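Asks: Mind having a look at this structure? Questions to follow.
Just so you know, all these numbers are worked out from the coordinates, no wet-lab data involved. The structure displayed is predicted, hence computed values, not measured ones. Every residue, glycine as well, gets a Cβ built from its backbone with ideal geometry; the counts of neighbours run over all protein chains shown.
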Amino acid sequence: MEGYWRTDDDRNAVTFGVDLYWLPLGAGGHSVRLNGKAYEAMVAAVERRSVCDLYHSALEVRVAEGTYVIEMTPIPDAYPERRGVVGVGAVGARWAGRLRIFRYEVRRWCGGAIPDVAEAVDSPRRLTDDPACARALLDLVPSVPLAVWGRDEMGAGEMWNSNSLISWLIVRAGMDEGLVALPVGGRAPGWRAGVAVARRS
């Protein structure tokens, strides 16, 4: 099923389903945004193509008991139970993960919120209305690979990051990731890594 951009009326009318959000890289933080622009400019020069806008993805999953937010983020504090954290991984290198600043968390947060969702572009995009598919995706979250962020430990041909988490879940839940459309002129680094690793399973 091809994703479509949902209106507020659609959101209020649908009880079950999975929605994808595209958030500009570094939304709400100038440092990450500037570093992302520098990274994309370098990659675009190497690949001899135009510079793209970079996006980070997150999901909202609606099931009978409520709405869950699925996302990979930095760790803000020492209270993971407040955010439905189901896994933690290292950033940059496994040895660096001994420090909280170099760790990320995977959230399956019932009643949670996507930070800076107001900056999302062409979002939300409905991926499925199937309650069984939504439930299957939720159940998969704790089993996502906790690879090192920013590295290609699994030989997927691309670094592992927040987009890898989302694409891995979409493929493993049985949805067609090929129908997921990025905003015009956008790129989602790490997306192909999640797809490649999910298909191996």
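Asks: Once the Cβ-Cβ distance between residue 88 and residue 121 is put in as r, and R0 is 30 Å, what FRET efficiency do you end up with, to the nearest 0.05?
Replies: In this case the efficiency is close to 0.60.
Asks: Next question, about the same structure. Can you tell me which of 154-163, 72-81 comes out highest on packing, and rank the rest after it, using the mean Cβ neighbours within 10 Å?
Replies: 154-163, 72-81
Asks: If amide hydrogens are placed 1.01 Å from N in the peptide plane, which non-local residues have theirs closer than 5 Å to the one on residue 73?
Replies: 105, 107
Asks: Using 0.36 nm times the number of residues separating residue 181 and residue 110, minus their current alpha carbon distance, what extension gain do you get?
Replies: Gain in length upon complete extension: 23.0 nm.
Asks: Stokes-Einstein at 25 °C, 0.890 mPa s, Kirkwood radius from Cα pairs: D for region 128-201 in µm² s⁻¹?
Replies: Answer, rounded: 195 µm²/s.
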